[in-house]
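One structure is given here, and the rest of the page talks about it.
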Amino acid sequence: MSNYDIFFHKISLIISLAFLWVMLSGHYTPLLLLLGILSVLVVASISSRMKLIILDQPILQLYFIRFIPYGFWLIFQIIKSNIDVCKRILNPKLPISPRLVTVRSSQLSNFAKVVYANSITLTPGTISIDLDDSNIEVHSLSKIGAEGLKTGDMDRKITSAEANPYV
Amino acid sequence: MDIISLVSSLFITTGALSILVGLLGVYRMPDFYTRLHAASIIDTLGAMLILFGLILYYGLNIVSLKLLLILIFILITTPTAAHALAKSALHGNLKPILKDD
Amino acid sequence: MIVLYINVIILCLLVITAIAINQQDNLFATTMLTGIFSLLSASLFVCLDAVDVAFTEAAVGAGIALILFLGALSLIKYKEKIKNKISFLGFFIVILTGSLLIYGLQDIPAFASPENPVQTYLADRYIVASEKEIGIPNLVTSVLASYRGYDTLGEVTVIFTACIGVLMLLGRSRGDYKGIVSREKS
Amino acid sequence: MFEITIFIILFAMLLALVLAIIGKTVYDKILAVNIFGTVTVLFIALFGFLTKRPDFLDIALVYALINFISTIAILKFFEYGDISRSSTKNEQGDI
C-alpha cells in the first residue's frame, strides 16, 4: 500500500463520517458545523493512529451499493423464512429436525463472502457457523431450509451482484 | 385515525407479537443452536416490523432517518453476533442435537 | 398514567434482577445479569426523562463496565466463595445506612407532585429556553455540558481516573502481547 | 393500541430476564443478554413514540451499537479467556 492510497482512504473515512454527522445532527448553524468538522477530524486521526482504516476496500467505500437490489430480495426471503419458523414454533408438536450442512460459496471477494454468510444467518432457520475459504458450515433448523440453501439461489444472486459491471 | 396510522399500528402490534413468538420458541427449543434460530426471529421480524411501523407513522423526516439507521445497524450487527455465538459455542464443545428424517 | 405503570413494571424487573444477582454464585452469570440491570436502569432513566443519565448509562454501564468486569473475570476464578459467617458489623452498617437514607427521603418532594421544582419551572425552561440560551440544539448536550457543566467535569474526571487505573491493572501493550503469544507457542 | 404493544415489550423483557437466570449454559445467558439488548432498543423507540418526544432515539442508536460491541467482547472473552487478544494472530485487533 502506497502512501497515496492510504491518504485516499483517510479522505474517504472523513467523508463518510461527515455524511453520518450531517445526517444525524439535523441542525446547521456555523458554530455547530465547525464543531462537527472538528469532531470528525479527531475521530479520523484517532482511528488512523489505531490503524483501524481497512485498506482492502475500494476508495469511498461505495461498494455496497451494488448489493442494494439484492437487499430487497433478501428482505422478502427473511419474511418468508420467518413465517416458516413461526409456524414451527407455534405447532404443538415442534416439527424440527436440526442438521449441519456445508454449502459452497462461489464469491471471489471477502466482502461478498461475508455478505453471503451474514444473509444465511439473517434468515431465521439457518445460521452460518464456520467460514473456510469457500465452504460455509450451516446449522439448519429443518430439511426445507437446508435444501433451499443447497439449490444455491442466494449464492448465485450474490455472485451476480458482485460481478455487476454497471455500478 | 387515518389509514396510515392504522397500518402502522398494525405493523407495530404484529412486531410485538412476533417478539413474543420468538421468546416462546426460545423457551420451547431443545438445545442452544435451535434457540438461536428462534432468537433471530426477534432480531429480524420483530425489529423490522416495529421500526418500519414507526417509520410509516413519522413520515419522511430526521426521526424516521434515525429509525432507519437503527434498523440497518440491527440488521448488520445481529447476524454477526449470532454467528459469533454459534461459532464459539461449537468451539466450546457444545454438541448440537442433530436429527435426520 | 401509563408511564407510571411502565415505571412500576421496570422497577419490579430491576428488583427481580437485583435479587437474582444476589442469589447467583457463578460470577459469569452475575456479570451477565449486571448487563441486564444496566439496560433496565437505562430504560427507567428514559421513562423518567433523565436522558443525560440514560446516555451515560448506555456508554458506561452497558459498554465499559461489562467489559471491565469480564477483564477482571479473566484473572480470577468463576465460583464465588460463600461465607456462612454472619457479620454483625456489616449488618449494623447496612441498617444505619438504610435508616439514614429513609430519613433523608423525607425532604424530597413526593413523586410527581406539582410543587416539585422540576415540574414547576426547570424542565420547561430546559426544553423551551436552552436552545436560545446555549445555542446547542441537542437538549441533552446543553443540560450536561452547560447547566451542569461542573458536575459533568467532575464525573468525567472520576471516570477517566478509574479507567486509567483499571487499564494499568489489566491492560497490556501490543509489544507485550506478542511476547505472550510466543511464550504460549513454545 | 400502542399501550398494549409497550406492555408486550415489557413482558418480553421479563421473559428474557428469566432466561438469563435459569439458562443452563453460559451461551444461553449471553443469548438472553443479546435478546434483552434488542428489546431495550425497541422499547426506547416505542417509548419515545408513546410520549410524542422522539428526541430520545439517539439513545436507542447508541444501544444498538453498544449491544453488538459487548456481545463480541463477551464472546472473545469466552473463546480466548481474555478480551485484549486478537483472534487472527496478527498484531491488529479485530474490533
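The values are calculated or read from the model by the stated rules, or taken from the named source; none is laboratory data. Computed from a predicted structure; not experimentally measured. Neighbour counts are summed over all protein chains in view; Cβ atoms, including those assigned to glycine, are modelled from backbone coordinates with ideal geometry.
A compact table of results
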{"quantity": "Some residue of the range D:45-58 being under 29 Å from B:TYR57 (Cα atoms), under 13 Å from the mean Cα position of the chain (by Cα) and at pLDDT 85 or above", "calculated": "no"}
{"quantity": "Counted residues, the range A:93-118 - those being more than 16 Å from the chain's Cα centre (by Cα) and surrounded by 14 or more Cβ atoms within 10 Å (Cβ to Cβ)", "calculated": "8"}
{"quantity": "Where A:GLN61 falls short, out of the listed (1) more than 14 Å from chain C (Cβ to nearest Cβ); (2) modelled with pLDDT of 80 or more; (3) under 22 Å from B:LYS66 (Cα atoms)", "calculated": "(2)"}
{"quantity": "Per-region count, the range B:48-94, residues in contact with a Ser or Thr (Cβ under 6 Å, 6 or more places away or on another chain) and aliphatic (A, V, I, L, M)", "calculated": "5"}
{"quantity": "Output for the range C:1-49, where each listed residue is over 17 Å from D:LEU19 (Cβ atoms) and not in a helix (DSSP H, G or I)", "calculated": "C:MET1, C:ASP25, C:LEU48, C:ASP49"}
{"quantity": "Residues (loosely packed, with under 12 Cβ neighbours inside 10 Å and either within 9 Å of another protein chain (Cβ to nearest Cβ) or outside any helix (DSSP H, G or I) (or both)) located in the range C:81-109", "calculated": "C:LYS81, C:ILE82, C:LYS83, C:ASN84, C:LYS85, C:ILE86, C:SER87, C:GLN106, C:ASP107, C:ILE108"}
{"quantity": "Subset of the range B:10-37 that is more than 26 Å from B:LYS99 (Cβ to Cβ) and crowded, with 23+ Cβ neighbours inside 10 Å - its residue that is farthest from the other protein chains (Cβ to nearest Cβ)", "calculated": "B:GLY15"}
{"quantity": "Given (1) farther than 16 Å from B:ALA38 by Cα; (2) of a type in the set (Val, Ile, Thr); (3) modelled with pLDDT under 85, number of the condition A:THR102 does not satisfy", "calculated": "(3)"}
{"quantity": "Lone unmet requirement of (1) touching a strand residue (DSSP E or B) at 6+ places or on another chain (Cβ under 9 Å); (2) part of a loop (DSSP other than H, G, I, E, B) for B:LEU60", "calculated": "(1)"}
{"quantity": "B:VAL7 vs. criteria surrounded by 16 or more Cβ atoms within 10 Å (Cβ to Cβ), touching a helix residue (DSSP H, G or I) at 6+ places or on another chain (Cβ under 8 Å), over 17 Å from D:ALA64 (Cα atoms) and at pLDDT 85 or above", "calculated": "no"}
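Residue-by-condition table, conditions (1) without any contact (Cβ under 8 Å) to a residue 60 or more places away in the chain; (2) within 11 Å of another protein chain (Cβ to nearest Cβ); (3) out of contact with any strand residue (DSSP E or B) (no Cβ under 9 Å at 6 or more places or on another chain):
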| site | (1), (2), (3) |
| --- | --- |
| A:SER81 | no, yes, no |
| A:PRO95 | yes, yes, yes |
| A:ARG99 | yes, yes, no |
| A:ASP130 | yes, yes, no |
| A:SER134 | yes, no, no |
| A:THR151 | yes, no, yes |
| A:ARG156 | yes, no, yes |
